[in-house]
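Below is one structure, written out as structure tokens; comments come after it.
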Amino acid sequence: MTSERSPEEEWQRLRLDAEHALRILLSEISDHTDPQPLFEAYTYAKDIAARAIQSRMLKHLPAENKQFRLLHAKIRQELCSRYQETVPASLLSSPYSGKTHERLFSLLQENLAQPVPAAMLRIVTGDNVHTERRARELRELGFDLHWYETEEISVYELCSLELDFDMIPAIVRNNVRRTTALAKDEKQRILRNAGIPENG
């Protein structure tokens, strides 16, 4: 979705194109034409319909989710409370705070304590490859997010808005591991001083 347009504008722009593309696809299927036009119609319809449906879903999600920001602020506060004396401030940030994670959270929050099919999460992000990893990253932050299968469908469920602060040491460890500004022995020293196991 183009960043200059709002979800409403994008939906209005794409809706008619998606309807047209789907009509062509239906025509190709019913006409039993040779495979090439059918394949081309399917490829185009799949792309335009996916973008249209994504914008339609985003219309109903907040542009900015205050609850998401509040939870990140709580994580940051807990990080500082525990480790500000032993870990550099630059490593006490709360990761996964970008727009993709925020949209995933908004959809899950909208369906709080109800299963959300992984396919719906993929529509919101427009990403068929990394979406479920992004959802698992929310769980790494301590979000009360669960994955399971129901009737052979993969679903995610945000069970509550409570945070699991037992994840805090792992957040620091991951921040330390990911930084490229420190040598390996310095990373080890920071974790040791903070009382966080290097492996976990």
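Worth a mention:
- Directionally averaged projected area (convex hull, Cα atoms, segment 107-200), nm²: 7.5
- Dipole in debye (nearest 20) - the chain, about Cα centre, beta carbon charges: Lys, Arg +1; Asp, Glu -1: 960
- Average accessible area per residue (Å²) across the chain - probe 1.4 Å, nucleic acids and ligands excluded: 59
- A cut-off of 5 Å between modelled amide H atoms, ignoring neighbours fewer than 5 places along the same chain, links PHE143 with ASP164.
- Fluctuation leader among PHE165, PHE105, PHE143 - the chain, Gaussian network, Cα springs under 10 angstrom: PHE165
- Three semi-axes describe the equivalent ellipsoid of segment 10-63; taken as square roots of 5 times the Cα gyration tensor eigenvalues and ordered largest first, they are 27, 9, 7 Å.
- In order along segment 141-157, the Karplus-derived 3J(HN,Hα) couplings, from 6.51 cos²θ - 1.76 cosθ + 1.60 at θ = phi - 60°, round to 7, x, 5, 7, 10, 10, 10, 7, 10, 9, 6, 6, 10, 6, 10, 10, 9 Hz, and Gly and Pro are given as x.
- When each of the peptides 47-56, 130-139 is scored by how many other beta carbons lie within 10 Å of its residues on average, the order from highest to lowest is 47-56, 130-139.
- Taking the 1.4 Å solvent-accessible surface of segment 12-69 as the whole, the part contributed by carbon and sulfur is 60%.
- Calculated FRET efficiency for the pair ARG13/SER93, C-beta based, R₀ 41 Å, to 0.05: 0.65
- Cut-off under 5 Å, modelled amide H: who pairs with VAL116 long-range: TYR156, GLU157
- Set of lysines near LYS66 by C-alpha distance (under 17 Å), chain-local residues within fewer than 8 positions excluded: LYS74, LYS99
- The apolar share of the surface of segment 138-200, taken as the fraction of accessible area on carbon and sulfur atoms (1.4 Å probe, ligands and nucleic acids excluded), comes to 47 percent.
The values are calculated or read from the model by the stated rules, or taken from the named source; none is laboratory data. All values derive from a computational prediction rather than experimental measurement. Cβ coordinates were reconstructed from backbone atoms using ideal geometry, including for glycine residues, and neighbour counts include every protein chain displayed. Note: areas computed on protein heavy atoms with side chains; ligands, DNA, RNA excluded. Shrake-Rupley method; radii C 1.70, N 1.55, O 1.52, S 1.80 Å.
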